[in-house]
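Have a look at the structure below before the remarks.
We did not get these values from a lab; they are worked out from the coordinates using the rules stated. This is a predicted model, so every value here is computed, not measured. No Cβ is skipped: glycine too gets one built from the backbone with ideal geometry, and neighbour counts run over all protein chains shown.
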Amino acid sequence: MNPVARRDRLLELLRARSFSRRRVVLASGRESDFFIDCKQTVLLAEGHVLIGHVMHEALASFASFGAAVAVAGVELGGCSLVSAVAMHSFQVGFPVDALFVRKAAKDHGSKRLVEGGDTLPPQSKVVVLEDTATTGGSALRAVGTLREAGFDVLGVLAIVDRLEGAAESMQSAQMPFHALYTRHDFISPGT
């Protein structure tokens, strides 16, 4: 399957499995009349393979993103994304490691906020992967956590930008941002 066909098939799965028109309260606290639960697609075997391909290709297509040695995902939605990208990257011979960013440190064990980064050198270049971006708050908190842990964050790559302020928040924070799809891939403009 070529890159365009993979992107089209991923969008088809997202529309069928992840999108619904209904009232929902989002992680940002905002209320919305539609919901995109990317996990319903990404956790399918086919969806996992497609997201690994498509997000890895997106990383390679951006000069600054292409320099990443790792991808970081915020628990829970981002964890399957970084797993898929890391696996695919190794299979194609350009390995990119996976990091999980916790929302809060565990009170036992390692007590780490960032899992998987212990073997990476200081200032390793990382891209944050996000499933659905609304305001950008979760991704920007992860950027802060990664920077505090000594990583150089190159940008944020999301599956879907809901077009509700994430891009503007990223721009204000001078954080490069790209999304594979936007709300207009699911809902016609003006509706």
Whole-Hz Karplus couplings 3J(HN,Hα) for segment 136-150, θ = phi - 60° and coefficients 6.51, -1.76, 1.60, Gly and Pro as x, run x, x, 4, 5, 5, 5, 5, 4, x, 4, 5, 5, 4, 7, x
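Using a 10 Å cut-off around each Cβ, can you sort VAL42, VAL153 from fewest to most neighbouring Cβ atoms? The partial results should precede the final answer.
On the way: VAL42 27, VAL153 21.
Listed from fewest to most nearby Cβ atoms, that is VAL153, VAL42.
Which ordering of PHE100, PHE62 is given by a fewest-first count of other beta-carbon atoms within 10 Å?
Working: PHE100 20, PHE62 16.
Lowest count first: PHE62, PHE100.
Take peptides 116-123, 155-162 and line them up by average Cβ neighbours within 10 Å, highest first, as a rough protection proxy. Walk me through the numbers on the way to the answer.
Details: 116-123: 12.2, 155-162: 25.0.
Peptide ranking by packing, descending: 155-162, 116-123.
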To the nearest 10 degrees, the tilt of helix 3-13 (Cα long axis) against the first principal axis of the alpha carbons of the chain is 60 degrees
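Counting Lys +1, Arg +1, Asp -1, Glu -1, what net charge surrounds SER80 among other residues with beta carbon under 15 Å of its beta carbon? Walk me through the numbers before you get to the answer.
Working: positive: ARG17, LYS39; negative: ASP37, GLU46, GLU75, GLU115, GLU130, ASP131.
Result for the local shell: -4.
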What the 5 Å binned alpha carbon P(r) of segment 94-164 shows, as percent of pairs per bin from 0, is 4, 15, 27, 23, 17, 10, 4, 1
In units of 2.2 N^0.38 Å, the Cα radius of gyration of segment 26-127 is 1.16
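Give me the Kirkwood hydrodynamic radius of the chain, using the inverse of the mean 1/r over all pairs of distinct Cα atoms, in Å to one decimal.
Working: mean 1/r = 0.0599 Å⁻¹.
For the chain, inverting the mean 1/r across all distinct Cα pairs yields 16.7 Å.
Tell me the mean residue ellipticity at 222 nm calculated for the chain from its helices only (DSSP H runs of n ≥ 4, each -39500 (n - 2.57), averaged over every residue, nearest 500). Intermediate values should be presented prior to the final figure.
Numbers: 6 runs with 66 residues, N = 191.
Taking each H run of at least 4 residues, the total per residue is -10500 deg cm²/dmol.
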Rounded to the nearest 10, the angle in degrees between the Cα long axis of helix 45-61 and the longest principal axis of the Cα atoms of the chain comes to 70 degrees
Helix 77-91: inclination vs the chain longest Cα principal axis, degrees, rounded to 10, gives 70 degrees
